[in-house]
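Student: Right, I'll just put the structure down here and ask away after.
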Amino acid sequence: MPKLSLAAMSKLMKESGAQRVSDSAKKKLREILESKAIELTNDAIKFAKYKGRSTVQAEDIEKALR
């Protein structure tokens, strides 16, 4: 079940300059963003564990982006 709303996808795309956004475009963006967020989170968890922490911090997310 998706975690991000289609309304949020529409808002992001419209704030980026899209005048109109199809449902299929919203669904595809949501699919990609959720997949990337899971990947990023998994990498951030590895950084936190390496530092001996169970709490993921902003610095872990930043390192995972590199």
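Student: Could you give the accessible area per residue of the chain, probe 1.4 Å, as a whole number in Å²?
Tutor: Details: 5360 Å² over 66 residues.
Dividing the accessible area of the chain by its residue count gives 81 Å².
Student: Let me ask another. For n ≥ 4 DSSP H runs only, could you compute -39500 (n - 2.57) per run for the chain, divide by its residues and tell me the 222 nm figure to the nearest 500? Numbers along the way, then the final one.
Tutor: Working: 3 runs with 46 residues, N = 66.
Value at 222 nm, helices only, nearest 500: -23000 deg cm²/dmol.
Student: So I have (i) 5.4; (ii) 4.3; (iii) 6.2, and one of them is mean projected area of the Cα convex hull in nm² calculated from this model. Which one is it?
Tutor: (i)
Student: Work through the residues other than S24 whose Cβ is under 15 Å from its Cβ and net out their charges, Lys, Arg +1 and Asp, Glu -1.
Tutor: Numbers: positive: R20, K26, K27, K28, R30; negative: D23, E31.
Net charge around S24: +3.
Student: For a test of understanding, tell me how many lysine pairs in the chain have Cα atoms under 27 Å apart, given they are 8 or more places apart or on different chains.
Tutor: Eligible lysine pairs with Cα atoms under 27 Å apart amount to 28.
Student: Which value, in Å² and to the nearest 10, is the accessible area of R53 when all protein chains are kept and the probe is 1.4 Å?
Tutor: Spelled out: R53, probe radius 1.4 Å, area about 50 Å².
Student: Just how much of K28 is accessible, in Å², when a 1.4 Å probe is used and the result is rounded to the nearest 10?
Tutor: Spelled out: K28, probe radius 1.4 Å, area about 100 Å².
Student: Ordering V56, V21 from largest to smallest accessible area (1.4 angstrom probe), what's the sequence? Spell out each step's value before the answer.
Tutor: Details: V56 65, V21 30 Å².
Order by accessible area, largest first: V56, V21.
Student: Set the Förster distance to 22 Å, then compute FRET efficiency between T55 and K3 from the Cβ-Cβ distance, nearest 0.05. It would help to have the intermediate numbers written out before the result.
Tutor: Working: r = 20 Å, r/R0 = 0.93.
About 0.60, to the nearest 0.05.
Student: Once neighbouring chains are kept in place and the probe is 1.4 Å, which whole percent of the accessible area of the chain is contributed by carbon and sulfur? All intermediate terms of the calculation are to be shown ahead of the outcome.
Tutor: Working: 2940 of 5360 Å².
Carbon plus sulfur share of accessible area: 55 percent.
The values are calculated or read from the model by the stated rules, or taken from the named source; none is laboratory data. Note that the structure is predicted; figures quoted are calculated from it, not measured. Counting neighbours? That spans all protein chains shown, and the Cβs are built from the backbone with ideal geometry, glycine included. The area values use the complete protein model at the heavy-atom level, side chains included, leaving out ligands, DNA and RNA. Shrake-Rupley method; radii C 1.70, N 1.55, O 1.52, S 1.80 Å.
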